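Student: One structure, pasted below without further comment.
The values are calculated or read from the model by the stated rules, or taken from the named source; none is laboratory data. If you're wondering where the values come from, they're calculated on a predicted model, not measured in any experiment. Every residue, glycine as well, gets a Cβ built from its backbone with ideal geometry; the counts of neighbours run over all protein chains shown. To get the accessible areas, we keep the full protein, side chains included, count just its heavy atoms, and leave off ligands, DNA and RNA. Shrake-Rupley method; radii C 1.70, N 1.55, O 1.52, S 1.80 Å.
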Amino acid sequence: MAGWPLAVAMVLSSFCSALGAGPLTPSAPLKDTGGTPETAGTPARSVVSWRGTAGDGQWSNPANWDSGEVPGPFDVARFDALSPDAGLDSSSACVLLGLTLEDGYPGRLTLHQDLVVRGDLVIRGGVLEQGRHRLAASRLRQEGGTLEGGSAPLLVVGAVTVFGGLLETP
């Protein structure tokens with residue numbers, strides 16, 4: 001078992017490099033600074049909420065996001081009680097700073113491509129469907145909802161905390 005952490009780190013490093021995500025390392029928790037969360041040592045970023053108002057369910061469509069912009073590598077994508085189903089389509093950014101499915105989220109987020117979450121992946125409600133796509137995160141915190149694992153690897157560098165919900169594996 002001594003080589004296991006090194007093997008995981010090598011696979012994760014290779015995975016993130018292939019996606020152009022750079023190193024995947026745990027970051028400090030988000031702080032609420034009046035709408036613009038900040039973490040020491042990282043560029044300013046925003047929390048962008050999914051609204052699905054374009055009606056096409058496409059992550060890559062800016063009209064589906066409350067800010068009118070698709071979240072990128074320094075943003076946290078948020079799905080709340082007002083958010084319908086969404087699909088991370090192949091035209092979408094595959095690297096995020098964070099991803100949160102809030103308590104009360106009634107929908108399903110389906111991955112249609114690999115995804116790297118450089119910070120926290122938080123699941124409190126709804127369903128995150130991994131499918132056949134790789135999913136990597138610095139930390140995973142599940143307090144509710146469902147994480148439907150898929151046939152591809154699910155890689156977490158830091159802590160995995162499960163307080164509730166359903167973690168399904170193939």
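Student: Are any of the residues in the stretch 81-94 within 22 Å of ARG132 (Cα to Cα), in contact (Cβ under 8 Å) with a residue 40 or more places away in the chain and either out of contact with any strand residue (DSSP E or B) (no Cβ under 9 Å at 6 or more places or on another chain) or not in a strand (DSSP E or B) (or both)?
Tutor: Yes; the residues of the stretch 81-94 include at least one that is within 22 Å of ARG132 (Cα to Cα), in contact (Cβ under 8 Å) with a residue 40 or more places away in the chain and either out of contact with any strand residue (DSSP E or B) (no Cβ under 9 Å at 6 or more places or on another chain) or not in a strand (DSSP E or B) (or both).
Student: So, one more: Taking the criterion of being over 21 Å from GLN58 (Cα atoms), open to solvent by less than 60 Å² (accessible area, probe 1.4 Å) and touching a Ser or Thr at 6+ places or on another chain (Cβ under 8 Å), would at least one residue in the stretch 106-120 satisfy it?
Tutor: Within the stretch 106-120, one or more residues are over 21 Å from GLN58 (Cα atoms), open to solvent by less than 60 Å² (accessible area, probe 1.4 Å) and touching a Ser or Thr at 6+ places or on another chain (Cβ under 8 Å).
Student: Checking GLY52 against (1) over 16 Å from VAL122 (Cα atoms); (2) surrounded by fewer than 19 Cβ atoms within 10 Å (Cβ to Cβ): exactly one of these is not met. Which one?
Tutor: (2)
Student: Now a separate question. Could you grab the pairs with beta carbons closer than 8 Å, sequence gap of 6+ or different chains, first residue in the stretch 39-56 and under 10 Å from ALA77 (Cβ atoms) and assigned to a strand (DSSP E or B), second one open to solvent by 70 Å² or more (accessible area, probe 1.4 Å) and modelled with pLDDT under 70?
Tutor: VAL47/LEU30
Student: Report, by residue number, each residue of the stretch 128-154 that is open to solvent by less than 30 Å² (accessible area, probe 1.4 Å) and in a strand (DSSP E or B).
Tutor: LEU128, LEU135, ALA136, ALA137, SER138, LEU140, GLN142, GLY144, GLY145, THR146, LEU147
Student: May I pose another question? Any residue in the stretch 132-157 that is of a type in the set (Val, Ile, Thr) sitting within a Cβ distance under 7 Å of a residue that is part of a strand (DSSP E or B) and open to solvent by 20 Å² or more (accessible area, probe 1.4 Å)? List the pairs, counting only those 6 or more apart or interchain.
Tutor: Sorted first by the residue in the stretch 132-157, then by its partner, the pairs are THR146/VAL127; THR146/GLY165; THR146/LEU166; THR146/GLU168; VAL156/ARG139.
Student: Hey, another quick one. Filter the stretch 119-154 for residues that are under 20 Å from GLY72 (Cα atoms) and aliphatic (A, V, I, L, M) and give the result.
Tutor: LEU121, VAL122, ILE123, LEU128, LEU135, ALA136, ALA137, LEU140
Student: Further question: With ARG78, ARG124 as the choices, which residue is within 24 Å of GLY55 (Cβ to Cβ) and surrounded by 16 or more Cβ atoms within 10 Å (Cβ to Cβ)?
Tutor: Going through ARG78, ARG124 in turn, the sole match is ARG78.
Student: Let me ask something additional. Being under 18 Å from ASP85 (Cα atoms) and within 13 Å of the chain's Cα centre (by Cα) narrows it down to one of LEU155, LEU147, LEU135, LEU140, so name that one.
Tutor: LEU147
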